[in-house]
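Values in this text are rule-based calculations from the coordinates and carry no lab data. All figures in this text were calculated on a predicted structure; none of them were measured in a lab. Neighbour counts are summed over all protein chains in view; Cβ atoms, including those assigned to glycine, are modelled from backbone coordinates with ideal geometry.
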Amino acid sequence: MKWGIGLFLAIVLLTGCNSGNAFTKINKSQPFLATVNIKDTSLTFIDENYHAFAKWDISEPFTGALLLADKDTILLYGKEMEKVQVYSLSAGKLINSWEIGKGIVNMQLLRDGKSIVAVNQSNHSIYFLNADGEEQDIVKVGKSPLTVLQGEQANRLYVINFGDTKCSVINLETKKVDFEFPVHSSSTGTLLREEKDEIWIGGHGDGDQVEEDLYIYSAKTGELKKKLKAPTMPIKFLENDEGIFVLSHGTSSLYKLNDQYEEVKSKVVGVNPFEMANFNEDVVVAGYDSDEVYVMDAETVDVKKTIKVGEGPFQLILRE
C-alpha cells in the first residue's frame, strides 16, 4: 500500500512539473508589442503603456514569429527547425506543430486572413499554406528568398531574393511567377507604396562594399525610377502620417524623410538595430545587440522610453 501511495504521489508531482512548462497566459483583449528575441530564444510582451508584462522562454532555435488572423495563434519558425511550432497566447502553451521541414526564414499572412506564405531559403521556394498549415502550392523563385510583400491593387506577391539580383513577382491567382526584374545584390528592407507606383528596397551591401543607397522601383513594371543616397546599410523602412522612416544598420540611426525624400530628422538609436514598427502613434525600434526597445516620438524622433527585453530582439509583433 505504501508503495502504491508513493507511486501515486510521484505521478502527481511529475504531472505538476509538466503543467509548470506552460507560459504566462496572454489575455485575448490585451493589446501588445512583442519582441522576438533570437539570442536567448524568447518572446517579451510589452503593453500599451510600454511595460514588459510577460516573457516566454522557449527552447527552440526560432528566428521569427507570425500572429494569425484570430490574434491568438502565434507561429514560431526558424531555418534550422524541422517543424513550425503553433502556440495559443491565451492558453499559454504549445497546441500544434506543422511538419514543413527546415529552411523557413519568413512567414506572412496574406490579406484574406486564411492563406500563409512561408519563405524557404534552402530550396529557394515560396510555400503557400492554409490556416491549418497544409501545403497548397509551391513556387520556385530566385536564390535565398527573404522578404515578401503583398500588393493590394495588383494581386501580386513581391519576393526579394537576398542571394540573387532579381525580384520575383508571383500572381496570387495562378500561383506562378508573372515576371522578374533586376535589383541590387544583398537586397533587404522594403516599403511598398502602390499609390506612388513605388517599391523601396535597401540592403547590407555585397562583400566589402557596404550599401549606401536605397533604390525605388516601379511596383508595376520593376523599372528603376530613382536611387537615393542613404545612410550606411538601410535595412528597414516604414511610413506613417509623420513621414517615411529609414533605419540604418551601419550607423545605428533612425532617419526621417519628408514628401520630397529629404532627410529632416535623425537620431542614433540602439546597437545594431534591425527592426522597427508603428505602435501607439510612435516609432518603435529594436536594438539587436543592446537588448532594448526604443520608443521614438514620430514627430521629433527623440527617444521617449527605453525598455529592456530578451537577448537579441530581431522582430516585432503587434496586436492592437
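When we screen V284, V303, V269, V293 for residues that are surrounded by 22 or more Cβ atoms within 10 Å (Cβ to Cβ), free of Cβ contacts under 8 Å to residues at least 40 places away in the same chain, over 24 Å from E195 (Cβ atoms) and of a type outside the set (S, T, N, Q), the only hit is V269.
For the stretch 295-320, which residues satisfy the criterion of being within 17 Å of the chain's Cα centre (by Cα) and either within 15 Å of V36 (Cα to Cα) or part of a strand (DSSP E or B) (or both)?
If the condition is that a residue be within 17 Å of the chain's Cα centre (by Cα) and either within 15 Å of V36 (Cα to Cα) or part of a strand (DSSP E or B) (or both), then V309, G310, E311, G312, P313, F314, Q315, L316, I317, L318, R319 are the ones that fit.
Could you grab me the full set of residues in the stretch 193-217 that are small (G, A, S) and surrounded by 15 or more Cβ atoms within 10 Å (Cβ to Cβ)? G202, G203, G205 - these are the residues of the stretch 193-217 that are small (G, A, S) and surrounded by 15 or more Cβ atoms within 10 Å (Cβ to Cβ).
Which residues, counting only those in the stretch 58-83, are charged (D, E, K, R) and in contact (Cβ under 8 Å) with a residue 60 or more places away in the chain?
K71, the sole residue that qualifies.
Only one of the listed residues (S88, S115, S42, S29) is small (G, A, S), crowded, with 16+ Cβ neighbours inside 10 Å and either more than 22 Å from P313 (Cα to Cα) or in contact with a Cys (Cβ under 6 Å, 6 or more places away or on another chain) (or both). That residue is S115.
One residue stands out in the stretch 118-142 among those that are part of a strand (DSSP E or B) and among the polar types (S, T, N, Q): the one that is surrounded by the most Cβ atoms within 10 Å (Cβ to Cβ), namely N120. Elements of the type strands (runs of 3 or more DSSP E) sitting completely within the stretch 14-117 and holding at least 1 residues that are among the hydroxyl-bearing types (S, T, Y): these cover 32-37, 42-46, 73-77, 83-88, 93-99. Scanning the stretch 96-112 for residues that are surrounded by fewer than 16 Cβ atoms within 10 Å (Cβ to Cβ) and under 21 Å from T44 (Cβ atoms) returns no hits.
Of the strands (runs of 3 or more DSSP E) lying entirely inside the stretch 169-216, the ones with 1 or more residues being in contact with a strand residue (DSSP E or B) (Cβ under 8 Å, 6 or more places away or on another chain), within 25 Å of D112 (Cβ to Cβ) and of a type in the set (D, E) are found at 176-182, 198-203.
Note on the stretch 143-192: residues that are of a type in the set (G, A, S) and either on the phi > 0 side of the Ramachandran plot or crowded, with 20+ Cβ neighbours inside 10 Å (or both) amount to 5.
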